[in-house]
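The values are calculated or read from the model by the stated rules, or taken from the named source; none is laboratory data. Keep in mind it's a predicted model, so treat the numbers as computed, not measured. Reconstructed Cβ throughout: ideal geometry from the backbone, glycine too, with neighbour counts over all protein chains shown. Accessible surface areas use protein heavy atoms only, side chains included; no ligands, DNA or RNA. Shrake-Rupley method; radii C 1.70, N 1.55, O 1.52, S 1.80 Å.
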Amino acid sequence: MFKVNNLVILSLLVGATSGFVTPSAVSRPSLAVGSSTVEDATFTSEGAKKQIGNDSFLNQDLMSRAQNGPGKKNEESLKIGIVGAGLAGMVAAMDLADAGHEVEMFELRPFVGGKVSSWQDKDGNHIEMGLHVFFGCYYNLFGIMKRTGGFDKNLRIKEHIHTFVNEGGKLGALDFQFPIGAPVSGLQAFARTEQLGVEDKFHNALRLGTSPIVRALVDFDGGMDMVRELDEITFTEWFTQLGGSRGSLDRMWDAIAYALGFLDCDTISARCMLTIFMLFAIRTEASVLRMLDGSPQTGLHDPIIKYLEDRNVKINLSTGCRDIVHDLDPETGLPTRVRGIKVGQKEELKEFDAVIAALDVPGVKKVLPENFRKYDFFDKIYNLDTVPIATVQVRFDGWVTELNDEARMMDISGDQSDGRGGGIDNLLYSVDTEFSCFADLAVTSPGDYYKEGEGSLIQAVFDERATGRSNEQLVEDCINQLHKIFPSSKKLNCTWSNVVKLGQSLYREKVGQDKFRPTQATPISNFFLAGSYTYQDYLDSMEGATRSGLMVADEIIARADGPTGLKSLSRAAKALEDAAPAKKAPFFAKE
């Protein structure tokens, strides 16, 4: 799931992890072994293939793969440049370094993490770009955290309940705690939820009972194939076709849709929503939630950075990609091979055997040279849109989510239990506020957020309905809406606040978008993509980013060696370049 000062906001709104790009290209004779075709974009590695398709949803062995690394050391050592130091780029760097390659990373921002970034302000407050929750089916990400030593130490498991907070402090829940696992635990959770009335429960059961989920219980491949075919209609259209009620959408499903992709059910793809429900129905652990003990920087990124530094991976912060230098086929004018990238204010040229653009949607749109769009593969990316969000953090002098005990609500004299204060220790949903998901980080993630003598630190994520409002107005709106669902919190005072705006966040999971997501391998033989928007069967999420990083690493490792491998192609291109001055053909002039 998905984030002050003015300088920070400006850097976030300017772009993602890429820099401004002024494409340059050199026209060169094509190499027989290096010509690029659309077929080059297909996967050649078995590891990448295992991350896509129906089997990938149920494959818990993927955790072992992520934990143990690629399991192969290449004969040839490649020089690999990674543009972007988000989760996808860092995961790819881990595997590539373990496979014996020389990896260098370039990040526009002054910190790593991409959409999962966090940092400290001058007063030591940890600032986040979103609210990050770890679902139990994040097999690959958990494997990475076990590999870096952060899983057991840095994650806190929550009660197996998804809690809704309604106006007046009334609670509803999807309580998955049950002696029998999926799908029975899920069925009883929906049947018993207080969030819906009897009539809406009936219509809800009617629609879910005729869904691909039911077929998947006896024919998983058939059910998943049905889900994949539902990318062209909204969840509302699908849900209301055969009995689903508007009340269910308004009182439950909209909050879940906003939490997944910051869109309501009238906009979000039915495929997107049903993919998650499919996981919940098949795997008991899929709906179990974990949250970091502290911030993403300390709990997730620092262990990865240490892993990379121990393997001599160089991470260049505040160093955006300014240009991708590439060859052109002299006959077709199509880009054929990436030579390197220009980085930083001085546009220093860095040459590599392979380059990965590990960026989000706005970042990759900025970094791709215009003539890459001659390939339909790259041009499709520009059909993807994004959603803006605003992450609001508000600290109080008491415990906002403590509804039952006023004395405890006001007690900030010390820890009340396990490093936490009073209140609900879990992710929370609401359909009566603009922020559909939120949490008290001082309770859920006390490692960095609990402060002795202070109370709740509410972190709430506003979707695009908040666009255009000032930071001050967003803080005021957040407090007023918290008072609406936690009436007792009116007795508390706000002691600190912060707002981080992302003008472009997750890619917009509206209908018809899945077909525009690119694979990690591209038509340019030594140029690759990574990021949670690239094609894998998870949504734009931390697990999706992790999968893409592992997939791109597997693909490069599979292509590194041999007479037609990436290293051989690089040597051949270098030899051709060294011989170029003796040639008279005008293939080396810059465009």
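Okay, here's what the table says:
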| quantity | calculated |
| --- | --- |
| Cα→Cβ-extended label distance, 7 Å offset, between E348 and D397, nm | 5.1 nm |
| About the Cα centre, charge dipole magnitude for the range 372-509 (Lys/Arg +1, Asp/Glu -1 at Cβ), debye | 520 debye |
| Packing-based ranking, highest mean first, of 203-213, 288-298 given that Cβ atoms within 10 Å are counted | 288-298, 203-213 |
| Debye log10 I(q)/I(0) at q = 0.08, 0.12 Å⁻¹ for the chain, Cα point scatterers | -0.55, -1.19 |
| 23 Å Cα-Cα threshold exceeded, pairs from K380/K574; K342/K574; K201/K510 | K380/K574; K201/K510 |
| Positive minus negative residues near I324 (Lys, Arg vs Asp, Glu; Cβ under 10 Å) | +2 |
| Cut-off 19 Å (backbone N to label point 7 Å along Cα→Cβ of K574), residues of the range 331-369 | 337-342, 349-356 |
| Nearest-10 value in Å² for the accessible area of F190, using the 1.4 Å probe | 50 Å² |
| Helix-only CD estimate at 222 nm, as mean residue ellipticity for the chain, using -39500 (n - 2.57) per DSSP H run (n ≥ 4) | -9000 deg cm²/dmol |
| Whole-Å distance, taken between Cα centres, linking the range 204-279 and the range 379-456 | 28 Å |
| Beta bridges by DSSP in the range 62-143, antiparallel share as percent, to the nearest 5 | 35 percent |
| Estimated vicinal HN-Hα couplings, Hz - the range 499-515 in sequence order (Karplus 6.51, -1.76, 1.60; Gly, Pro = x) | 10, 10, 9, 10, x, 9, 10, 4, 6, 6, 7, 7, 5, x, 8, 4, 6 |
| Nearest-10 value in Å² for the accessible area of K73, using the 1.4 Å probe | 140 Å² |
| Surface accessible to a 1.4 Å probe, per residue, for the residues of the chain, Å² | 37 Å² |
| Distance violations [Cα-Cα > 25 Å] among K170/K490; K153/K484; K72/K567 | K153/K484 |
| Shape of the range 70-184, Cα gyration tensor, a/c cut at 1.5 | oblate |
| Dipole moment magnitude, nearest 20 debye, the chain about Cα centre, only Lys, Arg, Asp, Glu C-beta charged | 1200 debye |
| Stretchable slack from F111 to E232, in nm (0.36 nm times residue separation minus alpha-carbon distance) | 39.8 nm |
| Packing-based ranking, highest mean first, of 230-243, 554-567 given that Cβ atoms within 10 Å are counted | 554-567, 230-243 |
| Student exercise, the range 340-418 dipole from Lys, Arg, Asp, Glu Cβ charges, in Debye to nearest 20 | 760 debye |
| Percent accessible area from carbon and sulfur atoms, the range 167-323, protein chains only, probe 1.4 Å | 55 percent |
| Fraction of antiparallel bridges per DSSP, the chain only, in percent to nearest 5 | 70 percent |
| Sequence ranges 46-59, 128-141, ranked by mean other-Cβ count within 10 angstrom, highest first | 128-141, 46-59 |
| Amide H contacts under 5 Å for S295, placed H, 5+ residues apart | D448 |
| Cβ-based charge dipole, the chain, positive-most Cα from V511, A205, Q177 | V511 |
